[in-house]
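The values are calculated or read from the model by the stated rules, or taken from the named source; none is laboratory data. Remember, it's a predicted structure, so these values are computed and weren't measured experimentally. All Cβ positions, even for glycine, are placed from backbone atoms using ideal geometry, and neighbour counts span all protein chains on display. Accessible surface is based on the protein model in full, side chains and every heavy atom, while ligands, DNA and RNA are left aside. Shrake-Rupley method; radii C 1.70, N 1.55, O 1.52, S 1.80 Å.
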Amino acid sequence: MALDRWIALGFIALVCVYGYAAFFTMDDSLPPILRRNPIWPSTFPKILTILGLIVGLIVLFTPKPAADKPAKDGAIDLTRLGDYHIGQAIALLVLMVVYALTLRPLGFVGATIGFLVIGSVLLGERRFHILLPVAGIAVGSIWYLVQEVLGIFLRPWPAMFM
């Protein structure tokens, strides 16, 4: 079986576990008055489960193109996997973990600006005179929307500055 089918099979297994939680365990702790609502807290996870199963099954059971035909542009050639930028992808994944770990110590503004700037540099952006203002405006507007418009407290700075 090809790599994409193994990944689809693993994705289907993960979606089934998520779906079990959505369909059978999430709504048990609801108070009786909320059980009459048309939309429950598990409605969106149930929709995601069904869509995930559909996508996974499509990938799993779609016939493979013939080997004698050339690969389409943009298709991943597994025989040349070393030619792709795997290091950048792994570095971005590590950066995401570091971002999650630095949200509390650095605050939202510091951690997110750092994530955006370092991530952009990893991907090849070198125009800092554009990069820094764009990251600052993006972080500031996201913080404003979450904090002021939605009313969800989001600590912008480290605790020592607050």
Legend entry - Every residue from the range 9-55 that is of a type in the set (Gly, Ala, Ser), within 29 Å of residue 81 (Cβ to Cβ) and touching a Phe, Trp or Tyr at 6+ places or on another chain (Cβ under 9 Å): 52
Inset, instruction - Please specify each residue of the range 1-13 satisfying the condition of being over 18 Å from the mean Cα position of the chain (by Cα), of a type outside the set (Gly, Ala, Ser) and at pLDDT 90 or above. - result: 9
Inset, instruction - Could you figure out which of (1) within 15 Å of the chain's Cα centre (by Cα); (2) aliphatic (A, V, I, L, M); (3) open to solvent by less than 40 Å² (accessible area, probe 1.4 Å) isn't true of residue 111? - result: (1)
Inset, instruction - Tell me which residues, restricted to the range 114-151, are buried (at least 16 other Cβ atoms within 10 Å of the Cβ) and aromatic (Phe, Trp, Tyr). - result: 115, 143
Inset, instruction - Would you check if there is a residue in the range 14-26 being open to solvent by 90 Å² or more (accessible area, probe 1.4 Å) and at pLDDT below 90? - result: yes
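State all residues of the range 125-162 that are of a type in the set (Val, Ile, Thr) and at pLDDT below 90; if no residue qualifies, say none.
First, pick out the residues of the range 125-162 that are of a type in the set (Val, Ile, Thr): 130, 134, 137, 139, 142, 146, 149, 152.
Within the range 125-162, 146, 149, 152 meet the criteria.
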Inset, instruction - Considering only residues that are modelled with pLDDT of 70 or more and part of a loop (DSSP other than H, G, I, E, B), look in the range 46-91 and name the one that is nearest to residue 26 (Cα to Cα). - result: 62
Inset, instruction - Return yes or no: is residue 104 loosely packed, with under 10 Cβ neighbours inside 10 Å, basic (Lys, Arg), at pLDDT 85 or above and not assigned by TED's automatic domain parsing to the domain that holds residue 8? - result: no
Inset, instruction - Kindly indicate whether any position in the range 31-44 is of a type in the set (Lys, Arg), surrounded by 13 or more Cβ atoms within 10 Å (Cβ to Cβ) and at pLDDT below 95. - result: no
Inset, instruction - Return the only residue of 84, 99 being on the phi < 0 side of the Ramachandran plot, open to solvent by 60 Å² or more (accessible area, probe 1.4 Å) and hydroxyl-bearing (Ser, Thr, Tyr). - result: 84
Legend entry - Tally, over the range 120-134, of residues that are out of contact with any helix residue (DSSP H, G or I) (no Cβ under 6 Å at 6 or more places or on another chain) and touching a residue at least 24 places away in the same chain (Cβ under 8 Å): 1
Legend entry - Near pairs, Cβ below 8 angstrom, 6+ apart or cross-chain, from the range 135-162 (in the same structural domain as residue 102 (by TED's automatic domain parsing) and charged (D, E, K, R)) to any residue that is part of a loop (DSSP other than H, G, I, E, B) and surrounded by fewer than 10 Cβ atoms within 10 Å (Cβ to Cβ): 155/162
